[in-house]
Every structure is written in C-alpha cells, then in structure tokens.
1. I'd like the residues of region B:7-37 whose 1.4 Å-probe accessible area shrinks by no less than 50 Å² going from the isolated chain to the full set of protein chains.
2. Once you mark the trypsin sites (Lys or Arg not before Pro) that are in a DSSP loop and have at most 14 other Cβ atoms within 10 Å, what is the longest gap between them in chain B?
3. Can you compute 3J(HN,Hα) from phi for each residue in region A:157-170, using the Karplus curve 6.51 cos²θ - 1.76 cosθ + 1.60 with θ = phi - 60°, rounded to whole Hz and x for Gly and Pro?
4. Give the lysines whose C-alpha is closer than 28 Å to that of residue B:257, dropping any in the same chain fewer than 8 places away, or say none.
5. Go through region B:22-30 residue by residue and turn each phi into a ³J(HN,Hα) via Karplus (6.51, -1.76, 1.60, θ = phi - 60°); whole Hz please, and just put x for glycine and proline.
6. What FRET efficiency would be calculated for the residue pair residue B:13, residue A:63, taking the C-beta separation as r and a Förster radius of 22 Å, to the nearest 0.05?
7. For the protein assembly as shown, report the accessible area per residue in Å² (1.4 Å probe, heavy atoms, rounded to an integer).
8. At 7 Å along Cα-to-Cβ for each site, give me the label-to-label distance between residue B:1 and residue B:239 in nm.
Amino acid sequence: MTEATSAAVTLVAMPVQRLMPTPESADLIELTRDLARRELAPRVDAAEKAAEMPRDVYLTLGEAGLLSLPYPEEYGGGGQPYEVYLQVIEEIAHAWMSVAVGTSVHSLSCYALATVGSETQRKELLPDMLSGRLLGAYGLSEPDAGSDVSAISTRARRSEDGSSYTVRGRKAWISNAGYADFYTTFVRTGDDPTRGLSCLLIPADTDGLSFGAPERKMGLASDPVREVVLDDAVVDAGRLIGEEGEGMKIALAALDSGRLGIAAAATGLAQSALDVAIAYAKERRQFGRAIADNQGLAFLLADMEAAVSSGRTAYLYAARLRDAGRPFTREAAVAKLAATDAAMKVTTDAVQVLGGAGYTQDFPVERMMRDAKVTQIFEGTNQIQRLVISRQLLK
Amino acid sequence: MNIVVCVKYVPDAQGDRTFNEDNTTDRANVDGLLSELDEYAVEAALKIVEAGEGEVTVVTVGPEQAADALKKALQMGADKAVHVSDEAIHGSDAVATSLVLAEAVKKIGSPDLVLTGLSSTDGTMSVVPAMLAERLGLPQVTQVSTLEVADGTVKGRRDGDAVSESLEASLPALVSVTDQINEPRYPSFKGIMAAKKKPVETWSLADLGVDAGQVGLDAAWTKVESFAQRPPREQGEIVTDEGDGGTKLAEFLAAQKFV
C-alpha cells in the first residue's frame, strides 16, 4: 500500500450526498473523491505552508478529464452540464481550495476560446488546453481596473500589415501567473470605454511578457498570484479571440460562469471546515463529556450546516438555469454572495469550535478561514454581487 | 496476448467492518471497492496489451455489488468483464473460490496470461493464485515486482527478505503481482464513458457446471467460530530524554525482552 493511501485514512471523507443527473456523472464524483483522497489531501498541508504551486496536480486532474468537463467532447472536453462540473469543483475544494480555484481559473481562461474562438483556433489550441497540458490564466483586472472593467488601459495596437498586435500595460491579481502557458487577456483596441475592448490569448513565452513579484497573500498560498507585465509584447493577430471590440461582451459572459465556479469552491471549503469541526466536537471532552453534547455548540454546528447547504443549493439552482439555456446572471450573483459569505462564517465558526487548537497551524481550520476571505473579494466583490442582484431586481 | 485478471470486491478499509450472523464478512451493508492490490494487476495487464495487442478480461466472484469492482477495472481500460454471482457461493473459502475462478477462466477461453494481485485486502491469505494455477495446470510465478512478457515466456523478479529471485515460465502462465510493480492509473472521465458500452457477462454456478455442494460455507475447510473487536490501542510510555534517553530506551527494550 502506498504511503499516501495510509496517510489519507485519517482524513474526514466527503459526507455530501449528491443527486447526479446520470450514472456516469455519479462515477465522476467517485473518481474525484478518489483523486482528492489520494492525490490532494495528503499534500495540501505541506504545500500550502511552503506556498508551493502543485503544477503536477493539474496534469493528473487533466489526464483524468477533470479540467475539461463543461466543454464540448469534439475538442476533448467532457460535454458535462455546469451542474456536474461545479460539483466536481466543490469536491476538489473540499480537499484543496487553491487547486479548486486554480481549476476554476483555468476553466475560465478556456471560456473565450471555446465560446467565440474560430474553428481553426479551437482545433489548434483547445485540446491541449482542456487536457491540462497547457495551463491557463485569466487577465482582466489591472491596477486601476478591477470591478470597473471599462477602465482597462492595457493597449493593443495592430501592426500596419494587420499581422500582429503590440501590447503594453499591466494585468493585476493574476492567478496561475508564472505557471500558466497562456494568458486570456483583455486589452484596449479602441477608445470607447466598453466597445473598445478585445480579447487576446497570449502565449507565456511571448517576448515582452514578464511577471511582478508574487503577491504576499493572506491565504491560498498554493495559488500563485502576480502581476503580468506586457512591455510591447508582440502577439500574433491569429490570437485575437472573437472580433475586435467584443472583449467586454466576452468578459461579462464569462464572469457569470466564473462566479459559479467560486461559489462551488467556497461551498467545498465550508463543508471541509464543518467536517473538521464536527469530528473535533465529538472527540474533544470537557467536564466529562464531548463538547458536542452542549447544545450551544451543537446549534452552532447546525447553523454551519444550514449555511453550507444554502450555498450549495444556490449554486446548483443557478447552474441548472444555465444548463437549461435560461438567463442566470442574478442567480449566479446570489450564489456567489451566499456561498462565499457562508464560507467566511463557517470557517470562522470552525476555528471557534476548535478553540485554541483551531487558532494553531497544527489544525487546518485557520488556513480555511484565511482561504475563505478572498472568496468574498475575487470574481467580483460581494458588494458588486449586491449591485448586480439589485440592478436585476429593479430593471 | 489475451489476459484474464482476477479481481475482488472488498469492504472499504476506511469504513467499519461488520459480520453476518454466520460469522462471514458483511458485504451487503458496507461500502465496497475494487481491492487496491488488484489495481496493480489490472494496470500490469493494461500495460502489456497497450504495448502489443490483445484484450484484457476482468473476472470476479462475488455478490451483486461486486459489479462495482468490475466497473472500476473497465473504467481503467479493461475490455470486458465476467461476474460470477450465485447465492450458493456465500461463505466460500479460498479452495472453493479458486474452483469457481478456474471454471470461469476456462469458460472465458484459454488466456495467454492469468494475472492476480498479491492478495485481497480483506482476506489477505495470498493462496488463491497458487490454487488457481494448480487447478488450471499453469506454471505459477507469484508475488513478482517486475513483469516482462516476450517470445512465449514471462519473466519476473520476486523480492524476498534475503534474496531476489528471477523467475521465468512458459506461457500460458499465472502471475501474481505486488504493489511495487507499477503505479495504477486512475480512470478518466473518457474511461468512465467508454466503460458504459463494454460487455459484462454474469454467470451462475450452473453456467460454469460447478455443483453448489462444492462451494459455500458448508463446504469450507475452515470456519470462523467467533470474533472480537481488537482492543483499542493503549497509550504508549513517553520517556523524556534528560541525557539518559539511551539507557532508558535500552531498559525498556530489555523489560519487553526485545534485547
């Protein structure tokens, strides 16, 4: 028996019951749990403490077909609905949040090409992207353009013969930076704030593309985040995804889906913290009984369960709307808001349940609490989610 | 090269193990899976066939849920599966299991190679491979950590405590492999989709021409009289090293008659 297998035996198994739409998607969840138990769980603690990006894990997940689930089978994808893909993300997050975020970012970075790329571009690039042989990053934000996408100032100038773009600017908060093989990058090709944006798929080895120092983050240590600096980087015009001026439309369409990825990941993270809290509460004894036998604490666990379940229900509802081809912008924002606020609350409460032990790095809940905070911030802050929801309500 | 891999559906070692009233292992009410040691045999078979040609058939003897073990092997890449299932098999010992497996292998055809794992992860007796080889009249190369098939022979290395043996046999042969031989692949989602279309046959004892009186609990050579949970581990003795740690350790070992 391998060392990894025996080490994983002590970990809490994923307890969530899932109603999957097909037998093969149920098997897919089993496969994901097997990978999580044997490949992710034994490594997460050491890798996060050392801030190591586990590039090989993405190859393993790619070989298993987990990086391509929502994309068409003809390009090597799994042809799975979002309802299935997101539950796989949740399962990954339960074992390793950084990897779930990295997987979600990778999937998001494939979105532009898969949905509006030309047939030639898809045939050339998509199979390697979906298999995980090529890892993706997503460059939307800039130092002065975050929630306000129309403020993007990274400029792409087309050469006189039209064969290439020269790109100049800085992209901020880029996950997978330095490890990704391609950067799905939103650039300004025209002056109109919204209609002047375009999408370029920039190879990592492009001259003029470099990286800032790794951000010193509160959590998600195994998700490398850096600035991507484009210093007159020359990009082949064949790497323009969609038409010039379609950038905003592509970015916004991908955002709804990306938010669901984060909602699913936050749910897995929260479930993981809850599982640790339950196990600890049943084991830890004070005043001659398990602390779980105190109703004050048991009710805390009940509230945590309700919060996790609410987040899960919200993202599954939005996913099912998406899969049915219905509008889901409002529901995706609700799911992102509900699931990430739940993750923050549940991980904080998990630290409380574990008491002093929870505050130490010898237990995983302090890491989960740190990892949870960013879910309220990225893919649109939760204030932006409220803006999206209220605008949808009042339009 | 046609290969038959014998696999077993075992209770998940992570779950609680329970027993039936007749002191046999409860397989119906616990989560089970493909014995992890059998994954190495499946992987070894897939590697051989992928390097050349032929097909891999997986066979199991077990209750209805044992189909899950076959499904996993098919998802990894095996071509087809045979499930021998019959209520009369309940409680069978290794002798009876090897009889049923032998008849199943004969009915599948005459494979060039029969592969098994080192042992099951529940019974851990390691005797079925040898018994099966005897019943099939095949040379047996057991517990190898390397495997090479070429020119009508099979070669393998068996690592013992004192020596490593290089073994060779003519094909057809039976080989059992250890967990050192390879790194079993995970199924892929493509494999999961493909497995849905692969043939799985279910055979009864009658299909194999095996008399029900030869198998099952009543025919078993050994019976479990009773069982008891292993007592929980007691807390160990912690010795603080105050410069005399070595002495204290030696005294402890001497007291336990280890030195």
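1. At a threshold of 50 Å² (probe 1.4 Å), the residues of region B:7-37 that become less exposed are B:14, B:36.
2. Working: sites that count: B:17, B:196, B:197, B:223, B:233, B:257.
It runs B:18-195.
3. 9, 6, 5, 4, 7, x, 8, 8, 10, 10, 10, 9, x, 10
4. The qualifying lysines are B:248.
5. 8, 6, 8, 5, 6, 9, 7, 9, 10
6. Details: r = 26 Å, r/R0 = 1.16.
Step by step, r from the Cβ atoms, then E = 0.30.
7. Details: 30820 Å² over 654 residues.
That works out to 47 Å² for each residue.
8. 5.2
The values are calculated or read from the model by the stated rules, or taken from the named source; none is laboratory data. Quantities reported herein were computed from a predicted structural model and do not represent experimental measurements. We place every Cβ from the backbone using ideal geometry, glycine too, and count neighbours over all the protein chains shown. Accessible surface areas use protein heavy atoms only, side chains included; no ligands, DNA or RNA. Shrake-Rupley method; radii C 1.70, N 1.55, O 1.52, S 1.80 Å.
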